[in-house]
Amino acid sequence: MQSIHQGYPTETLVRFLKAREWNVPKAHKMVSCSSCNINILVDCMHWRVQNEIDKILSKPIVPADFYRAVRDSQLIGMSGYSREGLPVFAIGVGLSTFDKASVHYYVQSHIQINEYRDRVVLPSASKKHGRPITTCIKVLDMTGLKLSALSQIKLLTIISTIDDLNYPEKTNTYYIVNVPYIFSACWKVVKPLLQERTRKKIQVLPGSGRDELLKTMDFASLPHFCRREGSGSSRHSDTNNCFSLDHPFHQQLYNYIKQQSMISEPVEPIKQGSFHVDLPEPAAEGTEIAKTLESELHKIENGNGLSESLDGLKVTDT
């Protein structure tokens, strides 16, 4: 439980209640903390125990070249902090291919970043600012989004289900930038399916989102793909590419995991192989969204006769 709340049990309880629309029976579906008589997180804690999640930060993905391949195909990184002290995470949705490793490696990598955020990044930010900082900002780059994204929906649904069940309400705001036509078309049909709580968190910004994001963070904390005034940024457009394994965030993360592996198993050599986590069944809402996305993508590809050349078009009306 301490791994989950990191010194802020009340804020943690509120997160789970928010995620269940303040429905106490739903949130309670999750042990009862007898010392404080508060109902909390049964399902989440069962998941953590059964899958040994507390140990995942001592399980590096090796060798380093293979981990680099994972990072190059699952684009995520941390570019800095907002003016309020919230970590800014960047996600390259459009250019992520998820084709260099098995599903279990990508799930392991995703959970490791979640755990590093919750156990290291957020506690450090809270200490620096002298107040609880328990959420982050995410900037989603849609550059390069193509119809081939259809093949990634299953994996992305698994990852989003893990987050919804075990890391609820960890994101304060989602900013979506560099939006191509294909996203605009899918967003129209997906948006009505989202809970109002989630819809309110999502802001689709024009172009690279630079001007709007500078109201929230300094230029140094902008993800590299937002630093141009226009749109169409590529993942190689800046030497401070926060997706790269060479970026300070990923270097610190990987070194931390290697150090933890030496502490937990100082004699045993690090073995190659993924850290298997039970993959959850998507919730009804997630399944409906996935099916709707698949249907819309098929319409774009076949029914409407649109080609991937439309992917290069950008929307200006958000």
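Summary table below
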quantity: Euclidean distance of C-alpha centroids, region 51-123 and region 159-201, integer Å; calculated: 19 Å
quantity: Members of K154/K200; K146/K200; K18/K258; K100/K170 lying beyond 32 Å, as alpha-carbon distances in this model show; calculated: K18/K258
quantity: Per-residue HN-Hα couplings for region 165-177 [Karplus 6.51, -1.76, 1.60; θ = phi - 60°; Hz; x = Gly/Pro]; calculated: 7, 10, 9, x, 6, 8, 10, 6, 8, 9, 9, 10, 10
quantity: Net length gained if the chain between F66 and K299 were fully extended (0.36 nm per residue, minus Cα distance); calculated: 80.2 nm
quantity: Average accessible surface area per residue within region 71-191, 1.4 Å rolling probe, Å²; calculated: 34 Å²
quantity: Sulfur and carbon atoms: percent of accessible area, region 103-167 [1.4 Å]; calculated: 59 percent
quantity: I91 accessible area, assembled protein chains, probe 1.4 Å, Å²; calculated: 40 Å²
quantity: Interchain or long-range residues, amide H under 5 Å from G209's placed H; calculated: N178
quantity: Rounded to whole Hz, the Karplus (6.51, -1.76, 1.60) HN-Hα couplings of region 87-95, x for glycine and proline; calculated: x, 9, 9, 10, 10, x, 5, x, 9
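The values are calculated or read from the model by the stated rules, or taken from the named source; none is laboratory data. Everything numeric here is computed off the predicted structure, so don't read it as measured data. Please note that ligands, DNA and RNA were not included when accessible areas were found on the heavy atoms of the full protein model with its side chains. Shrake-Rupley method; radii C 1.70, N 1.55, O 1.52, S 1.80 Å.
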